[in-house]
1. Please verify whether segment 239-257 includes one or more residues that are open to solvent by 80 Å² or more (accessible area, probe 1.4 Å), at negative phi and touching a Gly at 6+ places or on another chain (Cβ under 7 Å).
2. Which number in (1) open to solvent by 10 Å² or more (accessible area, probe 1.4 Å); (2) of a type outside the set (Ser, Thr, Tyr); (3) within 30 Å of Val267 (Cβ to Cβ); (4) in contact with a helix residue (DSSP H, G or I) (Cβ under 6 Å, 6 or more places away or on another chain) marks the one condition that Pro140 misses?
3. Any residue in segment 23-52 that is part of a helix (DSSP H, G or I) sitting within a Cβ distance under 8 Å of a residue that is among the charged types (D, E, K, R)? List the pairs, counting only those 6 or more apart or interchain.
4. What do you reckon, is Tyr216 aromatic (Phe, Trp, Tyr), over 28 Å from Gly155 (Cα atoms) and open to solvent by 20 Å² or more (accessible area, probe 1.4 Å)?
5. Would you check if there is a residue in segment 192-207 being modelled with pLDDT under 90, surrounded by fewer than 17 Cβ atoms within 10 Å (Cβ to Cβ) and assigned to a helix (DSSP H, G or I)?
6. Quick check on my filter: what residues within segment 1-22 are crowded, with 21+ Cβ neighbours inside 10 Å and without any contact (Cβ under 8 Å) to a residue 60 or more places away in the chain?
7. Across segment 72-109, which residue is farthest from Glu61 (Cα to Cα) among those that are among the acidic types (Asp, Glu) and surrounded by 18 or more Cβ atoms within 10 Å (Cβ to Cβ)?
8. Determine which single condition Ala249 fails, assuming it passes every other condition in (1) more than 24 Å from Ile3 (Cβ to Cβ); (2) modelled with pLDDT under 90.
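The values are calculated or read from the model by the stated rules, or taken from the named source; none is laboratory data. Since the model is a prediction, treat every value here as computed from it, not as a measurement. Counting neighbours? That spans all protein chains shown, and the Cβs are built from the backbone with ideal geometry, glycine included. Calculation scope for accessible area: heavy atoms of the full protein, side chains included, ligands and nucleic acids excluded. Shrake-Rupley method; radii C 1.70, N 1.55, O 1.52, S 1.80 Å.
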Amino acid sequence: MIICTLALRARGASLERAIESVVGQEGVIARPLIVINGDRFDPDLRVCLERDPRLDCIYREEANLARAHTAGVKALRTALFSFLDDDDVLLPCALATLAGSIESTDADFVVGNGIIERGGQGSPAYDPSREELARLNSDPAACLSEANWLASCGGLYQLDRIPSDIFDNAVSCFEWTYYALKLATSCRGVLIPECVYRVTDTSDSASKSLDYALEYCRFLRTAIGICRTRRPDLESRWKERCASAYNGAALALRDKGRYWIALRYQVIGLWQPGGFRYIPAFTRLVLDSVVRKRMNSAG
């Protein structure tokens, strides 16, 4: 079990809960591998982690999540592996459930459902009905263009069947959708209805940030490139999302006062499939930019 963490003092309690959820697994013996991701760690917490007999610990000076994942995988000494964020927890029978599915299906990887808590209410990450699972399992790569079915803590993988480049060059903020697309287009996976983890969706989600909006555009370009070489039939599905993504990035840039870069994103979006529906938004952005420029000149 690979847990990547910044090892900050503020994350100490949640990290301990994550570790306890791994070592306390029922029906299997699991040992966490902690990857300290970057040099902002709390020194006392690092010492505690390195001395903890329940786990192994490695350190990377550069803070990069995808490369931390790769470093963790390279350090593994087990046939099966999985990931867990330092603020999430596994349910007690998670690994036994996932390992049983791998054994019964001989899949390269298995993905379990999870409980997403929002405002004190929990709901499954994806619809566990028989019909929906059949649709997801019939073509996971195609369904991925609608919604990501791979949570960071939802999968269990066979080490000798996962290509070494799966975790390379992941797009920031979209690491798990990137991994899911590469896995679904190169390996055989199975999604199961059982819940194996619990995560909390917070209101300060990264999905509301400017970086997220910009990285989403980059992710879509990457996804199109992956599909072009591995699943050409899916390329158009990702292209159809580009116009909305570039419009969203343009609006996020405008809100930060970066009008001219916003216009660049808006123009790129106009040339995507269906992009002409954003001509009114482009017009408003041009007018806002002109007004802004005149106000600055007058000031």
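1. Checked segment 239-257: at least one residue is open to solvent by 80 Å² or more (accessible area, probe 1.4 Å), at negative phi and touching a Gly at 6+ places or on another chain (Cβ under 7 Å).
2. Only one criterion in (1) open to solvent by 10 Å² or more (accessible area, probe 1.4 Å); (2) of a type outside the set (Ser, Thr, Tyr); (3) within 30 Å of Val267 (Cβ to Cβ); (4) in contact with a helix residue (DSSP H, G or I) (Cβ under 6 Å, 6 or more places away or on another chain) is unmet by Pro140, namely (3).
3. Val23/Arg31; Val23/Arg54; Asp44/Arg9; Leu45/Arg9
4. Details: aromatic (Phe, Trp, Tyr): yes; over 28 Å from Gly155 (Cα atoms): no; open to solvent by 20 Å² or more (accessible area, probe 1.4 Å): yes.
Criteria not met by Tyr216.
5. yes
6. Ala7, Ile19
7. Ranking the qualifying residues of segment 72-109, first place goes to Asp108.
8. (2)
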